[in-house]
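See below for the structure under consideration.
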Amino acid sequence: MAVIKNLLQQITDPVLRERLAQEVNRLSKNKKFGLVFEEHVPECTPLYSVPIKRGSFVARKTGKMNNIYMVKEIDGETATCMDKITLEIEAIPLSEIVSVAQFGEPIFPSLEPIDKVLNAADDNLWHTIIEADNYHALQLLEYLYEGKVDCIYIDPPYNTGARDWKYNNDYVDSADAWRHSKWLSMMKKRLLIAKRLLSKDGVLITTIDDNEYAHLWVLLNDVFPELTHNCVTIQHNPGGTQGKKFSVTNEYAIYSYSAESVIYRKPHTGGDVYNLRRWGSTSGRYEGATCFYPIFIDDKSNVIGFGDLLDDDLHPSNQVELNDDGTYSVWPIDKNGTEKKWRYSRSTVESVKDRMFIEKRGERIEVILRRESEPPKTVWVDGLFNAEAHGTEILKTILGSGFTFPFPKSLYAVQESLLFAVQGKKDALIVDFFAGSGTTLHAVNLLNAEDDGKRRCILVTNNEVSEAEVRELKAAGHQPGDPEWESRGICRSVTWPRTEYSILGKRADGTILTGEYFTNLTTDKEVNRSFYQLGFVEDPTRLVLAAKKQIVALMGKNKLPQSLVKADSRFVVSEKYTASILFDSEAADEWLEALEDQEHITDFYIVAKENRIFNEIKTKVVELLGTITVTEPFKRPMSEGFAANVEYFKLGFLDKNSVSLGQQFHEILPLLWLKAGAVGERPELDGIELPDMLILPQNSFAILLDEDCYGKFSEALFDVGKIETVYFVTNSEEAFREMSDGIEATYTYQLYRDYIDNFVIGSRRNSL
C-alpha cells in the first residue's frame with residue numbers, strides 16, 4: 001500500500017488523484033474471504049403520479065429505468081429530452097415517458113388509500129398492504145417503525161435464471177454474467193434497512209433455495225454479525241423437481257436471531273399424554289412419601305397451585321374436594337378409592353405445571369400431563385408444507401382458476417415459520433417486504449384466529465406484471481401506468497384480492513369460499529375402543545412361548561413387540577403400547593387389574609373360543625376404561641373468514657414545492673396513523689383548512705398543529721385520558737421538549753412545519 005500511496009502523490013491532477021485515492025481506499029477494504037461483489041447501479045423508481053415538467057428526470061415507460069433523460073422543453077404533447085449519458089437530444093411523446101426517482105435523490109412519500117376491508121371492531125389493529133418498490137417502502141417503514149418490528153419474514157426472488165426477477169426494470173436471466181452480483185447488491189441494500197427495523201429480540205426469517213443459498217448465508221453473516229443464524233430445510237415439493245443429477249424436493253428458511261430472541265417450542269410430537277397419578281404395584285400412597293398432596297384447580301379447570309404434603313395419618317374424604325374459596329383439591333385416588341401417589345414429588349411438581357390439563361370423567365377429575373415441549377427441528381417434512389397442494393391450490397380456491405402467480409408458498413409452511421418467532425407475542429408486528437401473493441398476512445390471520453392474537457402484518461409488494469401479460473398489454477396498445485396495465489399487476493390482481501376474499505370468506509361477486517383450513521387447534525371426540533376375538537386357539541392354557549409370539553405377530557406390525565411375551569405370560573400390558581392381549585381368559589381378573597388407568601390402550605385382543613366369554617370380558621374392560629377421547633385436528637371453514645381489518649395503500653410521492661410550504665398535512669396523516677400503531681379506522685380530514693389540533697382517542701394519538709394552543713391542547717388531553725402517541729408541529733426543539741414534558745404520553749414526536757425532515761427518503765445523507 002505504501003508504494004501505491006507514493007504513486008498517487010506523483011499524479012499532478014488533484015481531481016484525478018483524489019478519485020483514484022478514493023477507489024484504492026474502497027478496494028483495500030475488500031475482504032479476501034467472504035463476499036466480494038460489484039455494487040451495481042442502484043434501482044430507479046418510476047413515479048407515475050408525479051407530473052413531468054421542464055428539468056424533470058424521466059425514462060421511457062417500456063425501456064430500462066436507468067436510461068435517464070432530462071426534459072429540456074415541453075411543446076404540447078412532446079418533450080425534448082437529453083440523454084444523461086450520451087447528451088443526445090431526442091423528441092419523445094409525453095405519453096411514452098415517466099418521471100423517475102434516482103438513487104440518492106430526495107423524495108417525499110405519501111400513502112394513497114386504494115381500498116380497505118373492515119371485518120373486525122374498529123379498535124382492532126389494522127394490517128397494511130403497501131404497493132411500492134420495496135426499497136423506498138423500507139425507508140419509509142424505517143421512519144415509522146425503527147426498532148419496533150418483532151419478525152421480518154421475506155421470500156426474495158430465488159434468482160433461478162428463469163427471468164424470475166427484475167433489476168432496474170429489466171429481467172435478470174441465466175445469460176446475465178452479473179446476475180449473482182446484482183442479486184447480492186439488491187439484497188444488501190434492503191437487509192441493511194431491515195436490520196434497523198428489527199427489535200432487540202426480533203427474528204428475521206429468509207427463505208431461499210440452492211441458487212443463492214450459499215451467497216445469502218454469507219451475506220446474512222456479513223450484515224448481521226451479531227446474530228445467530230440457523231437453517232431449516234423444508235420439504236415443499238415431495239414429488240421433486242427434476243434437475244440434471246438430483247430431484248430437488250426442498251428449500252430453506254434461515255432464522256437470524258439475537259440472544260434476547262425467543263424461539264418458541266411446540267408440544268412433543270413423539271407421544272401422547274398420560275395420567276399424573278401412578279398405577280401398578282408400586283403406586284400406593286406410602287410407596288412415595290413426598291408424592292401425596294392436593295393439586296388445586298379453579299372453576300375453569302385450570303391448575304392454579306399445589307398444596308402441602310398430607311400427614312400419614314390423615315386421609316381425604318373424596319378424590320375431589322370443594323374448598324372454601326371456590327377452588328377444588330384433587331387427590332391421587334383411583335376409581336376404587338385407593339390412595340395412590342403422583343408421578344412427581346411436591347418439590348419437583350411445579351416444574352411441570354405448564355404441561356398439565358384437566359379431564360372431567362363423571363364425578364372424577366383426572367390431572368393429565370402432556371409430554372415435554374421440544375425446540376423446532378432443522379428438517380421439516382409434513383404434507384401441509386407441499387407448495388402445490390397448500391399454496392397454488394389454496395390460491396385457486398380463493399381467487400378462482402384464472403389467476404396467474406408462480407410458486408406461492410404453502411400457507412402452513414409460512415404459518416409454522418412465523419409460529420416459532422411470534423407464538424408468545426400476541427401483539428407482534430410482522431413485516432414482509434417481498435410479499436408476493438400475500439401468504440404472510442394470510443398466515444398471520446390464521447395464527448390470530450387460533451389464539452385470539454392481535455398480531456399486525458405489513459406487506460410490501462410491487463405491482464409488477466408478468467412477462468406474458470406484458471406482451472399482451474403492449475399488443476393492445478397499453479403502457480405501464482395505464483389503468484388496464486396496473487389492474488393486471490401482482491398486488492392488484494393477486495395480493496389484494498387474496499387478502500380481501502380470505503378475510504371476508506367470499507369473493508367480490510358474493511361467491512362463498514369453499515374448503516377448510518388446517519389449524520394447530522384440536523377437538524376431542526369420544527370413540528369406542530377396539531376388541532378382537534381370537535377364537536382359533538383350542539386350549540389357551542397349553543400355549544407355548546413360540547405360539548404366543550406367533551399370535552402377537554399376527555396382530556400386526558408395531559402393535560406389540562414379541563420381546564414382551566414370556567413363557568409364563570397370561571397377558572401383556574405395556575405403558576408404551578396401545579395394544580394389549582389376554583392369552584388365558586381364566587386370568588381375566590388379573591388382566592383387568594393391570595389395565596386400571598391404562599387409558600392409552602385402544603386395542604384389546606382376547607383369546608377365547610366362546611363368544612360368551614369374549615363378550616363378558618369385553619364388557620368388563622369397557623366398564624373399567626370407558627370410551628376413548630380421541631384428539632383430532634380442528635379444521636376452520638374458509639367461509640368463516642377472519643376477524644381482521646386491512647388497508648391497502650400505494651406509495652406516492654409529493655411535490656417538493658408543496659412540501660416545502662407545509663401544504664401536505666392531509667397526505668401525511670396516514671403516516672402518522674401508522675406510526676401511532678394503526679389503531680382504529682384511519683382518520684380523515686374534511687376540507688382544506690387545518691384545525692389547531694386533532695385529538696383522536698379512537699386512534700390513540702393526537703396532534704398539536706398550532707403550538708400557541710398548547711394550553712388548550714394539554715387540557716383536552718387530560719379530559720380524554722391517556723393517549724399513547726402525541727405529535728407536536730414545531731420547528732423549535734426546545735419547545736418540543738417543554739411541551740412533551742407537560743403531558744402524559746408514551747411516545748411524543750416532533751413534526752417540522754414543512755415536514756421535510758420527517759418524511760424525506762432517498763436523500764444522500766441516509767442512502768446506503
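Are there any pairs, at least 6 apart or on different chains, whose C-beta atoms fall under 7 Å, with the first in the range 344-367 and over 16 Å from Ser329 (Cα atoms) and the second part of a helix (DSSP H, G or I) and of a type outside the set (Asp, Glu), and if so, which?
Pairs that qualify, where the first residue is over 16 Å from Ser329 (Cα atoms) and the partner is part of a helix (DSSP H, G or I) and of a type outside the set (Asp, Glu), are Tyr344/Val352.
Restricting the range 82-105 to residues that are touching a Cys at 6+ places or on another chain (Cβ under 8 Å) and assigned to a strand (DSSP E or B), which is modelled with the lowest pLDDT?
So the residue we want is Ala101.
Return only the number of the condition from (1) under 15 Å from Val98 (Cβ atoms); (2) in contact with a Lys or Arg (Cβ under 9 Å, 6 or more places away or on another chain); (3) modelled with pLDDT under 85 that Asn67 does not satisfy.
Checking Asn67 against (1) under 15 Å from Val98 (Cβ atoms); (2) in contact with a Lys or Arg (Cβ under 9 Å, 6 or more places away or on another chain); (3) modelled with pLDDT under 85, the one that fails is (3).
Give the residues of the range 342-398 that are more than 15 Å from Tyr274 (Cβ to Cβ), in contact with a helix residue (DSSP H, G or I) (Cβ under 9 Å, 6 or more places away or on another chain) and either part of a helix (DSSP H, G or I) or among the hydroxyl-bearing types (Ser, Thr, Tyr) (or both), sorted by residue number.
If the condition is that a residue be more than 15 Å from Tyr274 (Cβ to Cβ), in contact with a helix residue (DSSP H, G or I) (Cβ under 9 Å, 6 or more places away or on another chain) and either part of a helix (DSSP H, G or I) or among the hydroxyl-bearing types (Ser, Thr, Tyr) (or both), then Ser373, Gly383, Leu384, Phe385, Ala387, Ala389, His390, Gly391, Ile394, Leu395, Thr397, Ile398 are the ones that fit.
Among the candidates Gly510, Gly453, Gly505, single out the residue that is within 16 Å of the chain's Cα centre (by Cα), small (Gly, Ala, Ser) and either under 23 Å from Leu118 (Cβ atoms) or at pLDDT 95 or above (or both).
Every option except Gly453 fails the conditions.
Quick one: Ala101 ticks every box in (1) surrounded by fewer than 18 Cβ atoms within 10 Å (Cβ to Cβ); (2) within 23 Å of Lys650 (Cα to Cα); (3) small (Gly, Ala, Ser) except a single one, so which number is it?
(1)
For the range 397-425, give me the residue count where each residue is farther than 26 Å from Gly453 by Cβ and either β-branched (Val, Ile, Thr) or modelled with pLDDT of 95 or more (or both).
1
Out of (1) farther than 23 Å from Glu689 by Cα; (2) in contact with a strand residue (DSSP E or B) (Cβ under 7 Å, 6 or more places away or on another chain), what's the single condition that is false for Lys722?
If we test Lys722 against (1) farther than 23 Å from Glu689 by Cα; (2) in contact with a strand residue (DSSP E or B) (Cβ under 7 Å, 6 or more places away or on another chain), just (2) comes out false.
Could you check Thr378 against (1) touching a Cys at 6+ places or on another chain (Cβ under 9 Å); (2) hydroxyl-bearing (Ser, Thr, Tyr); (3) buried (at least 16 other Cβ atoms within 10 Å of the Cβ); (4) within 18 Å of Ala253 (Cβ to Cβ) and say which number it fails?
Status for Thr378: all satisfied but (3).
Taking the options Leu369, Leu399, Leu395, name whichever one is within 35 Å of the chain's Cα centre (by Cα) and under 22 Å from Thr523 (Cβ atoms).
Being within 35 Å of the chain's Cα centre (by Cα) and under 22 Å from Thr523 (Cβ atoms) holds for just one of Leu369, Leu399, Leu395, which is Leu369.
List the number of the failed condition for Ser401; all other conditions in (1) assigned to a loop (DSSP other than H, G, I, E, B); (2) among the polar types (S, T, N, Q); (3) crowded, with 19+ Cβ neighbours inside 10 Å hold.
For Ser401, the exception is condition (3).
Across the range 676-723, which residue is surrounded by the fewest Cβ atoms within 10 Å (Cβ to Cβ) among those that are more than 18 Å from Phe736 (Cα to Cα) and among the basic types (Lys, Arg)?
Lys722
Can you name every residue in the range 716-745 that is assigned to a loop (DSSP other than H, G, I, E, B), among the β-branched types (Val, Ile, Thr) and under 38 Å from the mean Cα position of the chain (by Cα)?
Restricting attention to the range 716-745, the residues satisfying the condition of being assigned to a loop (DSSP other than H, G, I, E, B) are 721-724, 730-732, 742-745.
In the following step, the residues that additionally are among the β-branched types (Val, Ile, Thr) were identified as 723, 730, 743.
Listed by number, the residues that qualify are Ile723, Ile743.
Do you know which of the residues in the range 695-715 that are more than 20 Å from Tyr145 (Cα to Cα) and in a strand (DSSP E or B) is farthest from the chain's Cα centre (by Cα)?
The residue in question is Leu704.
Can you tell me which of (1) at pLDDT 90 or above; (2) farther than 20 Å from Asp164 by Cα; (3) among the acidic types (Asp, Glu) is the one Glu388 doesn't meet?
The number of the failed condition is (2).
Report yes if Thr499 is within 26 Å of the chain's Cα centre (by Cα), farther than 21 Å from Leu118 by Cα and in contact (Cβ under 8 Å) with a residue 24 or more places away in the chain, otherwise no.
Criteria not met by Thr499.
Identify, by number, the condition in (1) under 30 Å from Arg492 (Cβ atoms); (2) outside any loop (DSSP other than H, G, I, E, B) that Lys618 doesn't meet.
Answer for Lys618: the failing condition is (1).
Determine whether Glu374 is more than 30 Å from Val414 (Cβ to Cβ) and in contact with a His (Cβ under 8 Å, 6 or more places away or on another chain).
Criteria not met by Glu374.
For the range 289-300, give me the residue count where each residue is of a type outside the set (Phe, Trp, Tyr), under 21 Å from Arg278 (Cα atoms) and touching a strand residue (DSSP E or B) at 6+ places or on another chain (Cβ under 8 Å).
The total comes to 4.
Would you mind stating whether Ser401 is out of contact with any Pro (no Cβ under 7 Å at 6 or more places or on another chain), in the same structural domain as Leu204 (by TED's automatic domain parsing) and free of Cβ contacts under 8 Å to residues at least 40 places away in the same chain?
It is true that Ser401 is out of contact with any Pro (no Cβ under 7 Å at 6 or more places or on another chain), in the same structural domain as Leu204 (by TED's automatic domain parsing) and free of Cβ contacts under 8 Å to residues at least 40 places away in the same chain.
Among the residues of the range 431-454, which ones are crowded, with 22+ Cβ neighbours inside 10 Å and assigned to a loop (DSSP other than H, G, I, E, B)?
Matches in the range 431-454: Phe433, Ala435, Gly436, Ser437, Gly438.
Pull out all pairs, ordered by first then second residue, where Cβ-Cβ is under 6 Å, the residues are six or more apart or on different chains, the first lies in the range 481-496 and is over 23 Å from Thr440 (Cβ atoms), and the second is at pLDDT below 90 and hydroxyl-bearing (Ser, Thr, Tyr).
Here the result reads Gly481/Tyr48, each pair linking the range 481-496 to a residue that is at pLDDT below 90 and hydroxyl-bearing (Ser, Thr, Tyr).
The values are calculated or read from the model by the stated rules, or taken from the named source; none is laboratory data. None of the values given here were measured: they were computed from a predicted structure. Every residue, glycine as well, gets a Cβ built from its backbone with ideal geometry; the counts of neighbours run over all protein chains shown.
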